[in-house]
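A quick write-up on the structure given underneath.
The values are calculated or read from the model by the stated rules, or taken from the named source; none is laboratory data. Just so it is clear, the model here is predicted, and its values are computed rather than measured. A quick note on method: Cβ atoms are made from the backbone with ideal geometry, for glycine too, and the neighbour counts reach across all protein chains shown.
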Amino acid sequence: MFRINPASGKAIYEQIMEQVKEAAWKGYLKPGDGLPSVRKLALQLSVTPNTVAKAYQLLEKEKVIVTIRGKGAFLAENASQEVDKGKMQEIKTSLKEILSELRYEGYDEERIANLIHEIYQDLEG
């Protein structure tokens, strides 16, 4: 389930986090599903346990997983909603940058809205 891309510019713990979030968002992991133990995943990925532990700690802080001492890490009940919030924030940030650039180039709100509508129509086929 988990794979590390050494050629990626992202840190290994970030890659682990992204894969857990993607699995939650796509429904591959359901609330309450267990994740591999820190040691097991570290062995599987040939990374240090500290790397996996860091990913799990940050995922817990983001309320994507819950850790139960002596039992392991599990996907949180509201994990997909938390992941969705994060994705929406990323999209908003990207759109904000694009819209700022368009405004700088002299596009007004109506022209931007028409452009968005045109792109949406292209996607609809």
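Does K54 meet the test of being surrounded by 15 or more Cβ atoms within 10 Å (Cβ to Cβ), in a helix (DSSP H, G or I) and more than 15 Å from the chain's Cα centre (by Cα)? When the stated conditions are applied, K54 passes them.
Assessment of the range 94-102 against the conditions (modelled with pLDDT of 95 or more and over 17 Å from the mean Cα position of the chain (by Cα)) yields no matching residue. Cβ-Cβ distances below 6 Å connect the following pairs, each with a first residue in the range 38-51 that is free of Cβ contacts under 8 Å to residues at least 60 places away in the same chain and in the same structural domain as M17 (by TED's automatic domain parsing), a second residue that is exposed (fewer than 12 other Cβ atoms within 10 Å of the Cβ) and not aromatic (F, W, Y), and a separation of six or more residues or different chains: P49/R39. Each residue in the range 71-122 was checked for being closer than 29 Å to Y56 by Cα and in contact with a Leu (Cβ under 8 Å, 6 or more places away or on another chain), and 5 of them qualify. Being at pLDDT 95 or above and more than 17 Å from K85 (Cα to Cα) is a property that does not hold for P6.
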